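The values are calculated or read from the model by the stated rules, or taken from the named source; none is laboratory data. All of these numbers come straight from a predicted model, not from anything done at the bench. Positions of Cβ are backbone-derived with ideal geometry, glycine not excepted, and every protein chain shown enters the neighbour counts.
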Amino acid sequence: MNYNANYIIILLTQVLTNLAFSFYTISVTYYVYTHTHSVFYSSLITFLSLFFRMIAGLTITVVTSFIKKKLLLVFNTAVQISLLIIIYFLINNDKLIALYIVISLLSYTAGIFTPIKTLLLKQVLTKNELTKGISIISSIDQTLSLAGWVISGWLVVMIGQSNIILLAACLLLLTFFIVLKLSVDEDKEKIESKNPFKTMSTSFRQLVSHQHIFILIIIECIEVFIGSIWIGSITLDFVRSYLEVSPKWWGYINAAYYIGSIIGSMLVIKFNKLLNINPLKTILISMTIYGVLLIIYGNNQMALISLILVVIMGPVMQSKDLVQESYLINVIPEQELLKFSGLKNSMIQICFMLSILIIGFLSDIIPINYIYIISGVVTLSIVLYFKRYVSKY
């Protein structure tokens, strides 16, 4: 694979930004929880983040019609640095409401980057390089994110939550100078109307008209909905009430999830060509294996076996996710990629917000292991529905 300068810049931008945001998230969550002693107020950070990332995805086409993409990335990073500095002062002056407002703005800027990154990857990588390129970014990103989450707790104790915000700002400052070196197509996005609601409506109709693309995105949305079974509160309940083991196993399972994903990214890099011979079949097989593993996981009460199953699930789903992402980037026309990527990200954020509420509610009224079994059955049902489209495309 040819590691051109633009690809390296995109890679560094993503991993540094995500590492900065992992530090920032730990810091503000710790601050809000210790000052309010409320899980609800702490959870508002996640909700606001998801909601404003969704808004960013819906409005990305309109935003890029006014400002060129590179300039937007530079401006976006500068705004993020400024907002982190504001958060630093808000934390030190106990301004909770103002903090939520700034968190919302910061989440919007975070949501701007993802669809632009998707478009840039299509521009700087060939069709054959795409899956491998995305896998390399994913493996490095997840490794650093895991490290970031692990050491953040230690940093909170050692240097305090407000100083972690400054560390995150320094990482974004480095990102700012890296983005300046980016050399890409400087055209603005062309839209039919400056009315954002009309633009979003038109974009959604265009997405629906591409049936196989729309179906893949809907499937991904359902998977994200199911994916909330891996959020901390659900896995903690599973460990304590079903496996009936020490909470330390909660940490082991969370770490195993990341480790499995990192292994999966490395395997995709190694077997990139094999997995992309028939990408739709790869997606189908991966989902089938994942569904079966979920059902086994929900019926197993041995902690060690659960840990092994989670590690195995990582490569299976990571292969599916990376192949699917590169497939979508390849089949979506470049002129439609930004708007479709923005819409996809918004739909995913909506599904995840709903899933946190619904699966959290279901977890309180049915045995926690049934949540995993039902998720496995739903995954296999998606496979049966999706199977009839494989032969068409």
Given the options Ser341, Ser306, Ser381, name the one that is of a type in the set (S, T, N, Q), in the same structural domain as Leu216 (by TED's automatic domain parsing) and within 16 Å of the chain's Cα centre (by Cα). Ser341
Of all the residues that make up the range 87-145, how many are over 30 Å from Leu267 (Cβ atoms) and polar (S, T, N, Q)? 5
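Residue-by-condition table, conditions (1) polar (S, T, N, Q); (2) crowded, with 19+ Cβ neighbours inside 10 Å; (3) in contact with a Lys or Arg (Cβ under 9 Å, 6 or more places away or on another chain); (4) closer than 16 Å to Ile373 by Cβ:
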{"position": "Val208", "(1), (2), (3), (4)": "no, no, no, no"}
{"position": "Ile218", "(1), (2), (3), (4)": "no, no, no, no"}
{"position": "Ile222", "(1), (2), (3), (4)": "no, no, no, no"}
{"position": "Gly227", "(1), (2), (3), (4)": "no, no, no, yes"}
{"position": "Thr235", "(1), (2), (3), (4)": "yes, yes, no, yes"}
{"position": "Phe238", "(1), (2), (3), (4)": "no, yes, no, yes"}
{"position": "Gly251", "(1), (2), (3), (4)": "no, no, no, no"}
Contact list please: Cβ distance under 6 Å, first residue in the range 318-335 and under 12 Å from Met287 (Cα atoms) and touching a residue at least 60 places away in the same chain (Cβ under 8 Å), second residue surrounded by fewer than 16 Cβ atoms within 10 Å (Cβ to Cβ) and of a type in the set (A, V, I, L, M, F, W, C), pairs at least six apart or on different chains. none
Is there a residue being in a loop (DSSP other than H, G, I, E, B) and surrounded by fewer than 17 Cβ atoms within 10 Å (Cβ to Cβ) anywhere in the range 280-300? no
Residues to consider are Ile45, Ile97; find the one that is β-branched (Val, Ile, Thr), crowded, with 16+ Cβ neighbours inside 10 Å and outside any loop (DSSP other than H, G, I, E, B). Ile45
So for the range 56-78 (the condition being closer than 22 Å to Ile356 by Cβ and modelled with pLDDT of 90 or more), does at least one residue qualify? no
Checked against (1) more than 23 Å from the chain's Cα centre (by Cα); (2) charged (D, E, K, R); (3) modelled with pLDDT of 85 or more, Lys387 satisfies every condition except (3)
Over the range 330-351, the set of residues assigned to a helix (DSSP H, G or I) and touching a Phe, Trp or Tyr at 6+ places or on another chain (Cβ under 7 Å) is Leu343, Cys351
